[in-house]
Every structure is written in C-alpha cells, then in structure tokens.
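Presented below is the structure to which this report refers.
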Amino acid sequence: MTALAVLLTACNQKPAAPAAGAPKFDTNLTVTEVMGHMVDPGAFMYWKGSGEEITEAGVKDLSPTTEEGWETLVSGATIVAQAGNVLQLPGYARAPEADWNKYAQQLTAQALVARKAAEAHDKKAVFDEGGKLYEVCVACHKQYVIDPLIKEQDKNGGPPHDPLPAWPASAVKEQEAHDAAAKTKP
C-alpha cells in the first residue's frame, strides 16, 4: 500500500522547473522569418561587397575600400554563420532532419570561411567563398522550397510552372531594355 501511495504521489507532481541557468530556446519565429530577417540580410551584406558590376560606364569593383566596408562583410558572414546554428535549434528542422542539419552546418562552415576571407581583405577569396556560400543556399532551397512546390503542383494536377515568384514589372522592363540595347550594338 505504501508503494502505491508513493507512485500516486510521484505521478501527481508537477515537472521540475528547469535548473537555473539551463538553456531555454524560444523558436516562435518561423523559418521564413529567420531567413528573411537574419540569413538574407547577412548574406546580402556579404555579397554586395564582392565581385564586379559591369555597366555601360565600365567595370566597377564592388570590393570594400575602407576598414568599415570590410567590417560589414565580416559582420554579414558572422550573421549567416550564426543563422546556421539557429536553424538547428529544436523546432526548426524540417524532414528529413539529417539533410536539414547538414545544410545548416554547411551554411555555418562556409560562412566562417567567407568571414576569414573578408578579415584578410582578400577580394578574390571573398568572391569565391561567397559563391560557395550561395551554392549551399541554392542546394537547400532546391530540396526544401522548390522541389516541394513542384511536387505539390504535380499532385494537384496543375501545369508545370516556375515555382519562383514573377519578377516585378519594373525589372522585366529594365531587362527588356537592356536586351534590346545589346542587340543594337555592333
């Protein structure tokens, strides 16, 4: 009878509160919010400072020219590296979780390599490592965004379509003007 009383008492007790200082993760932000407010801004901070832009006026080097500019690239890569860690927190992983975590770990690892290139003020490495970072993003997006959209459309019997959003009308007009100008040049 005593054993039964002990068991009933144990079953009716509230779970113990987490120990003081124990980690507690709030993952109420969606993956879309983490991407839109952390990954994308960090990646674009980095990518905007690499490579060249070719215009009618000539070639413009996009690399930073000041210490502050290089620090912006370092900060962008740091944000992306930490975003890869955030995406592995409980509540964020999508199935198959092993693939999700692999991409998140690759994101962090590649962002840290890109960060070192920016710290070294190495223009070529910044461009090359930024490209590798982009490849990680594209591979993950293919598996977790594009392929599921295509699969859902196929399941619903819809016609094949581009799963990416349409370009804004202003961008389409700009591209058409550029294409037309290119055709008229000798």
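Bear in mind that the values in this text are calculations on the coordinates, not laboratory data. Just so you know, these numbers come straight off a predicted model, no measurement behind them. Quick reminder, even Gly has a Cβ in these numbers, built from the backbone with ideal geometry, and neighbours come from all protein chains shown.
Taking max minus min of the alpha-carbon positions on each principal axis, region 55-120 gives extents of 48, 27, 16 Å, largest first.
On the basis of the beta-carbon distance and an R0 of 22 Å, Ala177 and Glu53 show a calculated FRET efficiency of 0.80.
Extending 7 Å from Cα along the Cβ direction at Lys102 and again at Ser170 yields two label points whose distance is 4.1 nm.
For Glu52, the residues 5 or more places off, or on other chains, whose built amide H falls under 5 Å of its own are Leu62.
Pairs exceeding 25 Å between alpha-carbon atoms, taken from Lys102/Lys142; Lys60/Lys142; Lys116/Lys142; Lys102/Lys151; Lys60/Lys124; Lys60/Lys173: Lys60/Lys142; Lys116/Lys142. Simple point charges give the picture: +1 on the Cβ of Lys and Arg, -1 on the Cβ of Asp and Glu, and for region 68-128 a dipole about the Cα centre of about 120 debye. How many angstrom lie between the C-alpha centres of region 79-98 and region 24-40? Using only Cα atoms, the two centres lie 9 Å from each other.
With N set to the number of residues, divide the alpha-carbon radius of gyration of region 67-185 by 2.2 N^0.38 Å and report two decimals. Computed over Cα atoms of region 67-185, the ratio equals 1.39. Ranking Gln153, Gly58, Gly69 by Cα position along the charge dipole of region 28-158, where only Lys, Arg, Asp and Glu carry charges on their C-beta atoms, puts Gln153 farthest toward the positive end.
Taking 7 Å steps out from each Cα toward its Cβ at Ala125 and Phe25 produces label points 3.1 nm apart.
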